[in-house]
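Before any comments, here is the structure.
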């Protein structure tokens, strides 16, 4: 760190503490040359999680957007907010466990559909009908038949 007053490259930290919000570290420094003091802030450089859409556009991971989609699919179904929060947390954890900060929307969508399929078949069909963007009624019926097959959960 160069001194903002004389440009000397060496200093010593005389005080260090977290900011009130806890998002940064405030450091009080003293230049070893001119002895003047100055303050620096150290922050974690957060790189957002990105979802790569089907058309290769990138969009920031948005918990609220995912929760909104799940809420629409689960409207008037016996599914608690805690259950939906757990699914959204799992989707976010899916990013956290990866070394890559970008994930295809297909992977996130599949995770959400897998969880809904187990939780509530009607909510699953609602979500899948939007997410899978069925081209015709045959595709939709094939998905329903697969859901109704014995041993298919």
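Assuming R0 = 30 Å, what is the FRET efficiency of residue 118 and residue 52, from their Cβ-Cβ distance, to the nearest 0.05?
After rounding to 0.05, the efficiency reads 0.70.
Going by average Cβ neighbours within 10 Å, how do the peptides 12-22, 113-123 rank, with the highest at the top?
Ranked by mean Cβ neighbours within 10 Å, highest first: 113-123, 12-22.
By how many nm would the segment from residue 44 to residue 30 lengthen if fully extended, with 0.36 nm per residue of separation less the alpha-carbon distance?
Additional length available on full extension: 2.8 nm.
Give me the angle, in degrees from 0 to 90, between the Cα long axis of helix 121-131 and the longest principal axis of the Cα atoms of the chain, rounded to the nearest 10.
Value to nearest ten degrees: 70.
Which angle between 0 and 90 degrees, to the nearest 10, do you get for helix 81-96 versus the longest principal axis of the chain when only C-alpha atoms count?
Helix 81-96 sits at roughly 60 degrees to that axis.
By how many degrees, 0 to 90 and rounded to 10, does the Cα axis of helix 137-148 deviate from the longest principal axis of the chain?
Helix 137-148 sits at roughly 90 degrees to that axis.
Suppose only helical runs count, i.e. DSSP H with n ≥ 4. What mean residue ellipticity at 222 nm does that imply for the chain under -39500 (n - 2.57) per run, divided by all residues and rounded to the nearest 500 deg cm²/dmol?
Helix-only estimate at 222 nm: -13500 deg cm²/dmol.
Say R0 is 35 Å: what FRET efficiency, to the nearest 0.05, do residue 136 and residue 83 get from their beta-carbon distance?
Calculated transfer efficiency: 0.65.
If you average the sequence gap of Cα pairs under 8 Å that are 6 or more apart and divide by the length of the chain, what percent do you get for the contact order? Kindly include the intermediate steps, with their values, before the conclusion.
Numbers: 166 pairs, mean separation 22.4, N = 153.
Across the chain, relative contact order equals 15 percent.
Against the globular-protein guess of 2.2 N^0.38 Å, express the Cα radius of gyration of the chain as a ratio, rounded to two decimals.
1.67
Based on the Cβ-Cβ distance of residue 67 and residue 149, what FRET efficiency does E = 1/(1 + (r/R0)^6) give at R0 = 41 Å, to the nearest 0.05?
E between residue 67 and residue 149, to the nearest 0.05, is 0.85.
Rule-based calculations on the coordinates, nothing more; no lab input. Predicted, not measured: the structure shown is a model, and the values here were computed from it. Cβ atoms come from the backbone with ideal geometry, glycine included; neighbour counts cover every protein chain shown.
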